[in-house]
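Please treat every number below as a calculation from the coordinates, not as lab data. Computed from a predicted structure; not experimentally measured. Methodologically, a virtual Cβ is constructed for each residue, glycine included, from the backbone with ideal geometry; neighbour enumeration extends over all protein chains shown.
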Amino acid sequence: MERTVPRTDSQEIELYLRTIYSLLRSTTAVQIRSLEEAHASMNSSLHPNARSGAPDVSAFIYSLLRLPDCMPNVQQVLLGQSAQVFSQHGYPRVESWRTTPARARRRRTFFDGRRTLACFIVSRSDIEDILPTMTAYQIEWNKLHFLLNRLAAGFDLELAAQHQPERLAGALQMTVEELERLRAVWGGRFLDNLKIIARQRCDLQVRLLNGSLSEYWRATRAWWENIERTCPGLLQRPVYFISSNPHSITNLLSGYALSERKALMAFLKRPENAATRREWVELQSRRRLGDENLLYYLLKKLQQGADGAESTAAQLRAEQGCGITRIASDHYFEVDAQVVELSELCPPNFDPRLGGEDFAFLKRSDALILNVDYPLGLGAYNILAKVAEHVSPVLGVYSMGKGATLNGVIGDVMIPNVVHDEQSQNTYMFTNAFNAADVAPFLDFGSVLDNQKAVSVQGTFLQNSDFMDVFYREGYTDIEMEAGPYLSAVYEMYRPTRHPVNEIVNLQPAPFDVGILHYASDKPISKGRNLGAGTLSFAGMDSTYATSIAILRRILQRERARVGQG
């Protein structure tokens with residue numbers, strides 16, 4: 001069909017991307033400072049004050065959360081698809097370097113302890129995410145460096161950091177609230193990081209070791225072969241594919257957290273969890289559902305702590321006992337997977353929100369669930385295309401993940417039936433397996449907005465007010481990165497050709513279930529309201545689990561109809 005969706009044709013964004021890829025053609029490391037002018041000229045909605053002399057604290061925190069904590073000591077970043085690629089370019093043992101994950105971006109990164117960070121990438125979307133993030137980080141670091149070096153000779157940085165927040169915030173041209181958000185992100189490293197920033201400018205370099213499409217495919221194939229070796233039955237069994245996260249699906253099915261209620265409530269009473277207790281008490285008056293989400297939240301916090309290894313091991317044993325196998329993505333990009341054998345599940349352990357029906361039909365099921373940690377951008381296309389190549393039949397494709405909302409508030413759930421994909425320039429129309437009634441009964445906070453139109457962007461920084469205005473005027477209210485690439489793969493799963501480019505594509509004849517759910521984590525129209533300005537915290541579990549419950553209830557309903565009552 002002829003396309004009718006308007007092109008944004010943002011020259012600034014196009015210039016930025018051309019600058020990135022022209023620099024990365026170099027066989028040596030390139031300077032991030034070469035991108036700063038193009039970055040600032042783009043007027044990114046996530047970095048609106050890039051040109052200001054005052055720090056853009058939200059943009060800085062956003063980048064801090066998506067880069068490893070070792071960044072103050074990093075000078076060079078290497079990008080490659082696999083350990084083999086790193087080895088071919090003179091870095092044979094990067095996986096023996098120190099693992100340094102980012103808090104808000106799943107990506108395998110390793111630090112050599114001196115100056116070099118090795119970063120595994122799954123598609124060009126990683127490049128379009130990492131480089132703008134590094135550029136924003138460097139711009140804001142150097143603003144703080146300049147301000148810290150303008151302090152009067154008698155200014156006591158340590159005293160101000162510990163006891164004079166108003167004075168320090170004024171010196172750094174930010175509000176006290178912004179200073180305290182920065183302190184919360186850095187924690188015990190707050191003063192040390194300020195001293196490092198004062199001592200040195202940030203001058204990062206980046207080197208792309210291999211940018212070929214074939215290398216991305218090779219890395220995806222190796223990722224799949226790891227799953228296939230662990231669960232060879234995937235090749236002969238019907239599969240429901242889910243793209244979500246590593247915890248919600250397994251928590252809802254295994255019942256482990258619910259069985260640990262007493263221990264988790266005792267954990268909540270610990271002194272270090274006072275803030276969580278206060279939040280819980282505050283939310284109690286506004287909620288109408290049970291406390292299952294609190295238990296899942298506490299389990300996650302417990303396992304992230306120093307004494308969480310025992311609980312993690314116990315959970316893995318419980319999951320294995322009811323047909324759930326976790327598959328780590330060691331040696332590959334960081335997209336872990338879980339395989340669920342429906343016939344081995346223990347329905348009495350289910351989260352009660354999955355329904356109290358008779359689940360005896362599951363014993364007759366030969367189907368599996370393949371759940372993957374949702375990848376970034378085009379990585380979604382690579383992964384689903386590889387799964388579809390080896391698995392048949394696929395009974396359903398379900399995706400849940402974060403998105404930015406232009407018409408709702410943080411915590412809302414958005415259900416699109418039209419997706420415009422900036423990667424392929426296609427506009428996909430499809431019958432979404434979900435509507436508001438499937439999610440709303442399980443949502444304590446926020447609203448469910450169905451019949452929405454989503455746009456899958458190339459990167460979180462690669463959008464500005466002009467971009468959003470064009471799409472908002474056309475009714476697009478949901479901004480994210482994976483739905484379009486997934487739908488491109490869905491097209492190829494039942495059509496005889498590769499997905500088209502720059503067309504309106506009707507996916508309604510797809511012979512399997514397609515469901516897409518997004519929960520709002522950003523509101524870019526309100527400047528500064530992004531995950532750098534605040535986190536979802538416990539309330540964020542609400543939309544995560546409401547959408548996960550909707551997906552599992554859908555699968556259970558479909559499987560009951562498929563195998564019959566018996």
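If you fit an axis through the alpha-carbon atoms of helix 213-230 and take the longest principal axis of the Cα set of the chain, what angle between them do you get, 0 to 90°, nearest 10? Once rounded, one gets 50 degrees. Considering segment 142-276 at the alpha-carbon level, its Rg and Dmax are found to be 24.8, 73 Å. The overall shape of segment 221-327, judged from the alpha-carbon gyration tensor, is prolate: a/c is not under 1.5, and a/b is greater than b/c.
Report, for the chain, the % of DSSP beta bridges that are antiparallel, rounded to 5.
35 percent
Estimated from helices alone, the mean residue ellipticity of the chain at 222 nm is -12000 deg cm²/dmol (sum of -39500 (n - 2.57) over DSSP H runs with n ≥ 4, per residue).
Between N407 and R261, the modelled label-to-label distance comes to 4.0 nm, taking each label 7 Å out from Cα in the direction of the beta carbon.
Here the residues H163, H499, H390, ranked from fewest to most Cβ neighbours within 10 Å of their Cβ, fall in the order H163, H390, H499.
Classify segment 29-115 from the C-alpha gyration tensor, please: rounded if a/c falls under 1.5, else prolate or oblate depending on whether a/b exceeds b/c. Walk me through the numbers before you get to the answer.
On the way: a/c = 2.49, a/b = 1.88, b/c = 1.33.
Prolate, since a/c reaches 1.5 and a/b exceeds b/c.
Model label sites at S26 and T312, defined 7 Å from Cα along the beta-carbon direction, differ in position by 3.8 nm.
Each of Q164 and L191 was given a label point 7 Å from its Cα along the Cα-to-Cβ line. The distance between the two points is 1.4 nm. Taking R0 as 25 Å, what FRET efficiency do you get between T175 and L151 from their Cβ-Cβ distance, rounded to the nearest 0.05? Result of the calculation: an efficiency of 0.85. Ratio of Rg to Rh for segment 11-208: 0.98 [Cα atoms; Kirkwood radius as inverse mean 1/r over pairs].
List, in the order given, every pair from K269/K300; K195/K301; K300/K453; K195/K300; K195/K523 whose Cα-Cα distance in the structure shown is over 24 Å. From K269/K300; K195/K301; K300/K453; K195/K300; K195/K523, over 24 Å: K195/K301; K300/K453; K195/K300; K195/K523. The packing ranking, built from the mean of other Cβ atoms within 10 Å per residue, places the peptides 479-489, 378-388, 264-274 in the order 479-489, 378-388, 264-274, highest first.
Report note on the peptides 182-190, 463-471, 79-87: ranked by the mean count of other C-beta atoms within 10 Å, highest first, their order is 79-87, 463-471, 182-190.
Calculate the translational D of the chain in whole µm² s⁻¹ from Stokes-Einstein, where the hydrodynamic radius comes from the Kirkwood formula applied to all Cα pairs, the temperature is 20 °C and the viscosity 1.002 mPa s. In µm²/s, the coefficient rounds to 87.
Exposure proxy ranking for T220, T27, based on other Cβ atoms within 10 angstrom of each Cβ and starting from the fewest, stands as T27, T220.
Measuring from each cysteine beta-carbon in the chain, the ones with no other cysteine beta-carbon under 4.7 angstrom are C70, C119, C202, C231.
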